[in-house]
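Worksheet: the structure to be examined is printed underneath.
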Amino acid sequence: MTNTLHRQGAEEDLKGDYVIFVSMAREINKKGSATKIHEFLRICKKYNPVNIGCSKWGSVLQDDVEFDDLIANLKDGSTSGAVFTDLDTLQKVMAELIEADLGISINVSGLLESVQECCHGNGIERHSVEDSLGFWESQDRLPEREILELNTLCGHGMVSFNLIHKMIDYLKLRRLTPKEAARIMGKCCECAVFNTDRAERLLEKMLES
Amino acid sequence: MEIDKKKCVGCGNCHAICPMGAISLDVDGKSTVDQDKCVECSTCHRVLRNEGYPPWFVGAIRKVLKLLHLQYMAEVDICPTGALTPPDLKWPRSLRAAFSDPTVVHAGTGVGGRGTEEIKTNDVTGRLREGEAGIVIELGRPGTGAHFRDVERVAMALAPLEPHFEPFNPVTQLMVDTETGKMNDEVLDEKVLSAIIEVKTRLENIPDYLHTLEEIQGETDAVFSVGVASRCLPDGSIPHVKWVREAGYTLSSNGKTNLGLGRPLFQEASR
């Protein structure tokens with residue numbers, strides 16, 4: 001989840017892309033955190049995220065992962081997250097999490113000003129911020145912007161450039177729909193931060209152009 | 001990753017899934033893994049559902065379809081015969097999995113993924129305090145991978161600025177000397193999906209770090225991503241923004257926000 005801050009895209013696209021996730025500090029509040037993570041995921045699930053899961057057990061996009069099994073198997077310190085596609089929902093999720101007072105660190109990746117609005121709307125002030133300064137060095141090794149936008153939807157970069165190209169080819173051949181292609185790409189993202197909704201729209205846009 | 005040649009039917013699905021492009025078709029018509037390129041992320045093994053067909057069965061289907069002038073094409077997210085075999089990794093190759101497979105927890109930090117809590121738990125750890133900046137340089141991201149020799153090159157270039165290399169970071173833990181950024185020689189040839197150098201410094205030093213990173217471009221083969229973090233002021237403003245802009249760099253409009261909901265909240269003496 002360190003890398004969700006490097007998501008690429010135009011501001012208009014980023015308006016539909018918010019990742020909320022929990023982290024625990026090893027020496028401070030990791031012990032006994034499983035029930036809190038459970039509650040975090042239960043609250044997020046209520047608001048219909050496009051993706052949800054944890055880094056240990058995977059995301060609900062994967063073939064063998066069911067939400068109920070996932071939360072039943074949570075362990076202390078399981079980094080977990082969910083993806084929402086609009087600010088109103090994010091604000092509601094945030095409000096319920098503040099009310100729940102879980103006592104574990106909660107982070108949001110997304111447009112900084114919008115997240116700040118949500119914080120103010122819920123009567124809190126943000127604690128710390130990490131900004132991206134983009135990609136440096138050997139940029140000739142990177143593919144075109146659209147491919148990078150899809151690749152960076154997974155924080156750890158597990159969606160390969162080659163898979164994205166293959167998905168685009170399959171869309172052109174009508175072997176897959178944008179929804180199916182987005183789900184296949186999302187399966188590669190173990191931490192459940194891949195925004196399938198945004199990926200689908202990006203693929204549709206690429207097909208049109 | 002290894003491929004069981006007795007099982008592989010050369011469908012090629014794993015070639016595209018591999019984030020490093022390490023899998024290709026061998027002369028025998030079966031897939032093979034370039035072990036230097038492979039970072040042991042296990043994405044192929046996790047994502048491609050094992051259909052569990054015996055290879056002879058796939059061969060028979062192919063023959064029948066060929067008679068009908070049709071071609072066998074497996075669904076894109078399966079391995080028809082379960083040929084992908086995760087090996088038992090020994091040091092130092094085991095580092096590849098630790099830095100590349102998000103399900104593996106780093107032994108030294110107890111954190112999965114890239115192995116560092118950085119600002120994600122800053123509300124309770126106080127890792128970055130008032131007047132301090134965190135700079136994270138992630139080599140290999142996006143999508144290219146990096147060898148530790150490149151990680152060392154960047155760390156050693158930053159060392160004259162006297163950074164505080166974050167001790168609860170798996171890259172720092174591979175250094176034999178945090179004053180120089182020198183890493184353990186045993187690991188230099190290992191390749192990982194990405195690795196994060198994490199330093200702490202005073203806010204006013206941000207320009208020096210960014211200029212140094214600018215200067216060393218061209219000295220490594222690796223792409224890297226740069227992030228800058230700080231503890232917000234009581235009014236929510238972000239102290240590092242001024243210094244990054246003064247250094248002549250542009251910040252993206254998106255980023256990561258720690259909401260400050262962790263407990264017990266770290267209390268700074270000065271606040």
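Quote the Stokes-Einstein diffusion coefficient, in whole µm² s⁻¹, for the protein assembly as shown, based on the Kirkwood radius over alpha carbon pairs, a temperature of 20 °C and a viscosity of 1.002 mPa s.
After rounding, the answer is 94 µm²/s.
Starting with the fewest neighbours, write out A:Arg26, B:Arg114, A:Arg145, B:Arg127 ranked by other beta-carbon atoms found within 10 Å of each beta-carbon.
A:Arg145, A:Arg26, B:Arg127, B:Arg114
Given points 7 Å out from each Cα along the Cα-Cβ axis, report the B:Thr178 to B:Ala107 separation in nanometres with one decimal.
Those two pseudo-labels are separated by 2.0 nm.
Measure out, as a whole number of angstrom, how far apart the alpha-carbon centroids of region B:87-166 and region A:16-83 sit.
With region B:87-166 and region A:16-83 each reduced to a Cα centre, they are spaced 23 Å.
Using alpha carbons only, how many angstrom separate the centre of region B:53-78 from the centre of region A:153-187?
23
Arrange A:Arg141, B:Arg231 by Cβ neighbour counts within 10 Å, fewest through most, would you?
A:Arg141, B:Arg231
Rounded to whole Å and sorted largest first, list the principal axis extents of the Cα atoms in chain B.
78, 39, 34 Å, listed from the longest principal axis down.
Partner chain Cβ atoms within 10 Å, averaged over the residues of B:11-20 - can you pull that number for me?
What the average comes to for B:11-20 is 4.
Average the reciprocal distances over every distinct pair of alpha-carbons in chain A, invert the result, and give the Kirkwood radius in Å.
Averaging 1/r across every pair of different Cα atoms and inverting gives 17.6 Å.
Using a 10 Å cut-off on Cβ to Cβ distances, tally the other chain neighbours for every residue of A:51-59 and report the average as a whole number.
For peptide A:51-59, the averaged partner shielding equals 2.
I want to verify a result. In a Gaussian network model of chain A, Cα cutoff 10 Å, which of these has the top mean-square fluctuation: A:Lys30, A:Lys46, A:Lys15?
A:Lys46
Using only Cα atoms, tell me the angle between helix B:206-215 and the longest principal axis of chain B; keep it within 0 to 90° and round to the nearest 10.
40
I want to verify a result. In a Gaussian network model of chain B, Cα cutoff 10 Å, which of these has the top mean-square fluctuation: B:Ala247, B:Ala98, B:Ala60?
B:Ala60
So which cysteines in chain B don't have a second cysteine's C-beta under 4.7 Å from them?
Unpaired cysteines in chain B: B:Cys8, B:Cys11, B:Cys18, B:Cys38, B:Cys41, B:Cys79, B:Cys232.
Using the count of nearby Cβ atoms within 10 Å as a rough guide to exposure, how do A:His120, B:His69 rank from fewest to most?
Fewest-to-most ranking of A:His120, B:His69: B:His69, A:His120.
Can you flag which of B:Lys90/B:Lys182; B:Lys120/B:Lys242; A:Lys92/B:Lys200; A:Lys45/B:Lys200 are past 25 Å Cα-Cα?
A:Lys92/B:Lys200; A:Lys45/B:Lys200
Throughout, read-outs are computed from the coordinates displayed, never taken from laboratory work. Please read these numbers as outputs of a predicted model, since none were measured by experiment. Here the Cβ is made from the backbone with ideal geometry for all residues, glycine too, and neighbour counts use every protein chain on show.
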